[in-house]
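Heads up: the structure comes next, in structure tokens.
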Amino acid sequence: MGYKVGIVGATGAVGQEFIKLLGDRKFPLSELKLFASARSAGKQVEALGQTITIEEATETCFEGLDFVLFSASGTVSKALCPAAAKAGAVAIDNSSAFRMDPDVPLVVPEINGEAAKSHKGIIANPNCSTAISLMGAYPLHKAFGLKRMVASTYQAVSGTGAEAMQELEDQLKAWAKGEPIEHSVYPYQIAFNALPHVDVFLEDGYTKEEMKMLNEGRKIMSLPDLKVSCTCVRVPVMRSHSISINAEFERPVSVEAAREAIAAFEGVDVVDDPANKVYPMPLDYAGKVNCGVGRIRVDSALDNGLAFWVVGDQLWKGAALNAIQIAEYLVKSK
Ligand code: 2RA
């Protein structure tokens with residue numbers, strides 16, 4: 001049996017990865033429809049061996065579809081996910097629009113896949129740095145009982161989209177030619193820099209991105225009392241996010257038991273032999289399905305503490321792959 005799938009935001013960085021991954025993973029497709037803004041409507045693109053005309057995403061374009069994968073703005077998702085659900089499709093939304101809605105499951109399939117089955121037409125995909133972080137933190141929670149996390153992210157420009165990826169490339173080329181480096185996507189030049197500013201600042205000094213780690217982490221892991229303090233930093237990396245985590249647990253920890261717990265968890269690899277310079281790095285994880293965890297060590301600054309480093313492809317596990325894995329989970333559950 002094949003499924004009719006629509007993609008809203010088909011021309012964006014994540015939208016392009018949706019198309020690639022549906023093909024690479026041989027998702028059982030009977031029809032693929034591509035939707036974008038009016039500006040892109042009418043363009044023809046080659047996708048999965050067929051020429052597809054991009055349609056404008058409207059409230060009436062979802063009839064007959066089984067799944068609609070969204071990676072557009074929160075405004076677009078708020079307007080169109082309900083319409084997709086009303087048309088009988090399952091809307092899997094990569095924006096933050098519905099993540100904290102009590103009626104919308106927020107899902108990382110390896111962690112709380114079952115929650116996807118309780119959907120009422122919309123399923124939320126977590127924020128990229130949250131999904132990647134939890135691929136390291138959750139197996140350790142299962143082993144030792146997670147109480148508190150301090151996380152520092154090193155986020156790739158792909159998290160901002162294709163325009164930011166292009167800007168970083170242009171800045172590096174300008175530098176190589178000795179030309180002036182211009183910037184427009186971020187408040188400052190990103191090449192050779194690090195910006196402690198991802199998303200909007202809130203009154204308490206944290207950013208919305210930093211609060212996602214707390215709020216989404218609590219919902220996905222069903223840990224309402226989990227404490228998280230996060231600092232999100234944009235770095236001149238093209239595609240994969242990295243996160244440094246210091247975590248405190250209920251029960252005594254050991255590096256050996258931590259490595260075993262992570263190795264036993266689906267979707268994440270232990271990459272941890274620092275004496276031989278073996279640890280996960282963003283360049284190694286671009287285009288990888290799994291996330292990698294390394295630099296695992298006892299954190300003596302905490303009771304039952306572990307420090308570790310998680311790396312994952314922001315466009316894949318941080319966005320497009322996780323959404324498609326949710327659809328795969330529902331298909332397998334039928
Ligand atoms: C970012 N988490 O990295 C946001 C969106 N992917 O910019």
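Within the range 162-202, being within 13 Å of the ligand (Cβ to nearest atom) and part of a loop (DSSP other than H, G, I, E, B) holds for Val185, Tyr186, Ile190, His197, Val198, Asp199, Val200.
Is it the case, given these coordinates, that Thr75 is without any contact (Cβ under 8 Å) to a residue 60 or more places away in the chain and more than 22 Å from the chain's Cα centre (by Cα)?
Numbers: without any contact (Cβ under 8 Å) to a residue 60 or more places away in the chain: yes; more than 22 Å from the chain's Cα centre (by Cα): no.
Spelling it out, it is not the case that Thr75 is without any contact (Cβ under 8 Å) to a residue 60 or more places away in the chain and more than 22 Å from the chain's Cα centre (by Cα).
Any idea which of (1) more than 17 Å from the chain's Cα centre (by Cα); (2) within 24 Å of Lys332 (Cα to Cα) is the one Val107 doesn't satisfy? Of everything listed in (1) more than 17 Å from the chain's Cα centre (by Cα); (2) within 24 Å of Lys332 (Cα to Cα), Val107 misses just condition (1).
Restricting the search to the range 123-145, which residues are away from the ligand (no atom under 16 Å from the Cβ) and either in a helix (DSSP H, G or I) or crowded, with 24+ Cβ neighbours inside 10 Å (or both)?
First pass over the range 123-145, keeping only residues away from the ligand (no atom under 16 Å from the Cβ): 123, 136-145.
Answer for the range 123-145, where residues must be away from the ligand (no atom under 16 Å from the Cβ) and either in a helix (DSSP H, G or I) or crowded, with 24+ Cβ neighbours inside 10 Å (or both): Ile123, Gly136, Ala137, Tyr138, Pro139, Leu140, His141, Lys142, Ala143, Phe144.
The condition of being over 20 Å from Tyr285 (Cβ atoms) and open to solvent by less than 70 Å² (accessible area, probe 1.4 Å) holds for Ala174.
Residue-level check: of (1) in contact (Cβ under 8 Å) with a residue 24 or more places away in the chain; (2) part of a loop (DSSP other than H, G, I, E, B); (3) outside the structural domain of Gly292 (by TED's automatic domain parsing), Asp103 misses just (1).
Go through the range 147-161 and give me each residue that's outside any strand (DSSP E or B) and open to solvent by 10 Å² or more (accessible area, probe 1.4 Å).
Restricting attention to the range 147-161, the residues satisfying the condition of being outside any strand (DSSP E or B) are 156-161.
Across the range 147-161, the qualifying residues are Gly159, Thr160, Gly161.
Quick one: which residue in Gly49, Gly9 is touching a helix residue (DSSP H, G or I) at 6+ places or on another chain (Cβ under 6 Å), on the phi > 0 side of the Ramachandran plot and not β-branched (Val, Ile, Thr)?
Details: Gly49 fails: touching a helix residue (DSSP H, G or I) at 6+ places or on another chain (Cβ under 6 Å).
Among Gly49, Gly9, only Gly9 is touching a helix residue (DSSP H, G or I) at 6+ places or on another chain (Cβ under 6 Å), on the phi > 0 side of the Ramachandran plot and not β-branched (Val, Ile, Thr).
Is it fair to say Gly136 is in the same structural domain as Ala286 (by TED's automatic domain parsing), under 14 Å from the mean Cα position of the chain (by Cα) and modelled with pLDDT under 95? In short, no. Looking only at the range 217-235, residues that are more than 17 Å from Asp103 (Cα to Cα) and of a type in the set (Ser, Thr, Tyr) come to 2 in all.
Being open to solvent by 60 Å² or more (accessible area, probe 1.4 Å) and either closer than 30 Å to Ala176 by Cα or outside any loop (DSSP other than H, G, I, E, B) (or both) is the filter here; which residues of the range 203-214 pass it?
If the condition is that a residue be open to solvent by 60 Å² or more (accessible area, probe 1.4 Å) and either closer than 30 Å to Ala176 by Cα or outside any loop (DSSP other than H, G, I, E, B) (or both), then Lys208 is the only one that fits.
Counting only residues that are surrounded by 19 or more Cβ atoms within 10 Å (Cβ to Cβ) and either within 16 Å of the ligand (Cβ to nearest atom) or closer than 15 Å to Lys20 by Cα (or both), the range 287-326 holds 17 of them.
The values are calculated or read from the model by the stated rules, or taken from the named source; none is laboratory data. What you are looking at is a predicted structure, and each value in this text was computed from that prediction instead of being measured. FYI the Cβ positions are ideal-geometry reconstructions off the backbone, even for glycines, and counts take in every protein chain you see. When the accessible area is computed, the model is the full protein with side chains, heavy atoms only, and any ligands, DNA or RNA have been set aside. Shrake-Rupley method; radii C 1.70, N 1.55, O 1.52, S 1.80 Å.
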